[in-house]
Amino acid sequence: MSVTPNRDEAWKLLCEFNQNDALLKHALTVEGVMRHFAALEGEDVEKWGIIGLLHDLDYEKYPDQHCIKAMEIMKEHDIDEEYIHAVASHGWGICCDVEPTHKMEKILFTIDELTGLITAACLMRPSKSVLDIELKSVKKKYKTQSFAAGVDRSIIEKGCAMIEKDLDYVINEVIMGMRECAEEIGLKGAL
């Protein structure tokens, strides 16, 4: 029988496979942003948050098998297939062929890379905070290809097309979602 993990169980599972502080903060960031989007969409905030939290479950130990190992680990823990599909789908066309079909999956695909770019932009600020960063400054960094060069902008843009939202809207809502969990993700800064 498959199970849907609660927040504590998901966190414990994540920490079993990840000890790197930056990866854990990224997981918490994506969780917070997914919770924010779930609330905007009138969807299940807990479920979306847990999927965001678990999305990189396998990344620290199995970077070369990202998403593939996550599916195996989640199956071993009898986690509901819907959660497994959602987690794997954020790697569509990158490291696996599981296509995002549900609105939640498409949003996860869209925001994952963007949270990294916004985090980097926040850390460059004197305040080191997400609480005072604005869309305009993120857009400027976004357009500078050498800034956060590891962030694949084409994935973000493909995601925006999938969810039928423009880039400005998505960036702004990701900022808002990150503000909601600023302390937990270490981006409250000096404000």
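Listed values, structure above:
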{"item": "Residue identified as in contact with a helix residue (DSSP H, G or I) (Cβ under 7 Å, 6 or more places away or on another chain), closer than 27 Å to Ile50 by Cβ and charged (D, E, K, R) among Glu82, Glu99, Glu164, Glu76", "result": "Glu99"}
{"item": "Residue among Glu31, Glu46, Glu16, Glu9 that alone is among the acidic types (Asp, Glu), farther than 14 Å from Glu173 by Cβ and under 11 Å from the mean Cα position of the chain (by Cα)", "result": "Glu31"}
{"item": "Flag if Cys67 is among the hydrophobic types (A, V, I, L, M, F, W, C) and on the phi < 0 side of the Ramachandran plot", "result": "no"}
{"item": "First in segment 137-158 and at negative phi, second anywhere and basic (Lys, Arg) and in a helix (DSSP H, G or I), Cβ under 6 Å, 6 or more apart", "result": "Phe147/Lys141"}
{"item": "Qualifying helices (runs of 4 or more DSSP H) (wholly inside segment 1-96; at least 3 residues being more than 18 Å from Ala182 (Cα to Cα) and among the acidic types (Asp, Glu))", "result": "7-17"}
{"item": "Hits in segment 95-143 - residues which are acidic (Asp, Glu) and either surrounded by 22 or more Cβ atoms within 10 Å (Cβ to Cβ) or within 18 Å of the chain's Cα centre (by Cα) (or both)", "result": "Glu99, Glu105, Asp112, Glu113"}
{"item": "Segment 66-77 residues that are without any contact (Cβ under 8 Å) to a residue 12 or more places away in the chain, paired with ones that are in a helix (DSSP H, G or I) (beta carbon under 7 Å, 6 or more apart)", "result": "Lys75/Ile84"}
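Any read-out appearing in this document is the output of simple, stated calculations on the displayed coordinates, not a laboratory observation. Since we're looking at a predicted model, the values are computed, not measured. Here the Cβ is made from the backbone with ideal geometry for all residues, glycine too, and neighbour counts use every protein chain on show.
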